[in-house]
């Protein structure tokens, strides 16, 4: 298999070139893409709309790779955390989150993360590698097959910073969005960033129109720098301008994710800073109570702390929600993903 080429790692255009060299019609590429990504069939022998001779050629020179499922952990709330292994032995985590009519998959884009946010388990891992486009998309495919459901939503909120692996994320989006692939609408996909400014501008000019979420966590520059080192490179003023630019281009509301940390970012001054930051920009705010992470010196806010901050936020002109953490009991909630 080492000498064979993984068909899953080839784009639709690359497959068209492959068939062109074989003097096969270009539509074969779309047919192959359907077998691999829409039907999820890995056995080339089953591609019955290909001639036997073509199948034998493909089997001799190619294979259809996949992430190997190593473990899954079922949460009491119905979500499931998956542990997948790459072909090189490295492992990543993804989460399946069913909620009413939605069936969401939270995917990882990197093995670990280089940003080192102090409240995040993935940040403690450091960065090991970028995932390829097919590996990002394959998390969705493998979970859909394991759950026997059609995935309706995808959030790029797992391990890693999507905009630091942007080219491969774009390839994954094409696979997920394509009619030959998983046919998930672009409005049903969301990229969450810690605030990589060039990435936000790139997303604003990117088609299809994927939604944007920004991990804010503090609207006070000094505080944000304490828990998110990337804030030293990209200031809050720059971040706000990028959010404004995205909305001007896409006319789609941006989600501000605000992790509530006990006695750190829940005071009145923190609310007033958030109020100032969110003024005159089209956003909605998700308040996310901190989820416990091993060896991290932070605590979850008390119920009174959450209620007080939420009450203040109700005076804002935008939508504000307290986001329920899913998979917390299996360490599958926001900030808890890590392979150690």
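When you look at residue 92, is it out of contact with any helix residue (DSSP H, G or I) (no Cβ under 6 Å at 6 or more places or on another chain) and buried (at least 19 other Cβ atoms within 10 Å of the Cβ), yes or no? Please lay out each step first, then the result.
Details: out of contact with any helix residue (DSSP H, G or I) (no Cβ under 6 Å at 6 or more places or on another chain): yes; buried (at least 19 other Cβ atoms within 10 Å of the Cβ): yes.
Yes.
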inquiry  = Just the residues that are closer than 28 Å to residue 177 by Cβ, in a loop (DSSP other than H, G, I, E, B) and free of Cβ contacts under 8 Å to residues at least 40 places away in the same chain, please, taken from segment 22-77.
reply    = 22, 24, 25, 26, 39, 41, 42, 43, 47, 48, 49, 50
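This table checks each residue for (1) surrounded by fewer than 21 Cβ atoms within 10 Å (Cβ to Cβ); (2) touching a helix residue (DSSP H, G or I) at 6+ places or on another chain (Cβ under 8 Å).
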residue	(1), (2)
65	no, yes
73	yes, yes
78	yes, no
100	yes, no
107	no, yes
124	yes, no
137	no, yes
140	no, yes
task = Mind listing whichever residues of segment 31-49 are over 30 Å from residue 93 (Cβ atoms) and touching a helix residue (DSSP H, G or I) at 6+ places or on another chain (Cβ under 7 Å)?
result = 45, 47, 49
ask   = Can you pull out the residues in segment 162-176 that are under 16 Å from residue 138 (Cβ atoms) and surrounded by fewer than 22 Cβ atoms within 10 Å (Cβ to Cβ)?
value = 168, 170, 171, 174
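For residues in segment 135-164 being under 16 Å from residue 212 (Cβ atoms) and in contact with a strand residue (DSSP E or B) (Cβ under 6 Å, 6 or more places away or on another chain), which is modelled with the lowest pLDDT?
As a first pass, look at segment 135-164 and keep what is under 16 Å from residue 212 (Cβ atoms): 153-157, 161-164.
Narrowing the set further to residues that are in contact with a strand residue (DSSP E or B) (Cβ under 6 Å, 6 or more places away or on another chain) leaves 153-157, 162-163.
Numbers: 153: 98, 154: 98, 155: 98, 156: 98, 157: 95, 162: 98, 163: 98.
This residue is 157.
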task = Mind listing whichever residues of segment 200-225 are crowded, with 16+ Cβ neighbours inside 10 Å and out of contact with any helix residue (DSSP H, G or I) (no Cβ under 8 Å at 6 or more places or on another chain)?
result = 213, 215
note = The lone condition residue 338 fails out of (1) free of Cβ contacts under 8 Å to residues at least 12 places away in the same chain; (2) not assigned by TED's automatic domain parsing to the domain that holds residue 209 is (1)
message = Being over 27 Å from residue 312 (Cβ atoms), out of contact with any strand residue (DSSP E or B) (no Cβ under 7 Å at 6 or more places or on another chain) and outside any helix (DSSP H, G or I) is the requirement here; does residue 207 meet it?
response = yes
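The values are calculated or read from the model by the stated rules, or taken from the named source; none is laboratory data. None of these values were measured; they are calculated from a predicted model. Neighbour counts are summed over all protein chains in view; Cβ atoms, including those assigned to glycine, are modelled from backbone coordinates with ideal geometry.
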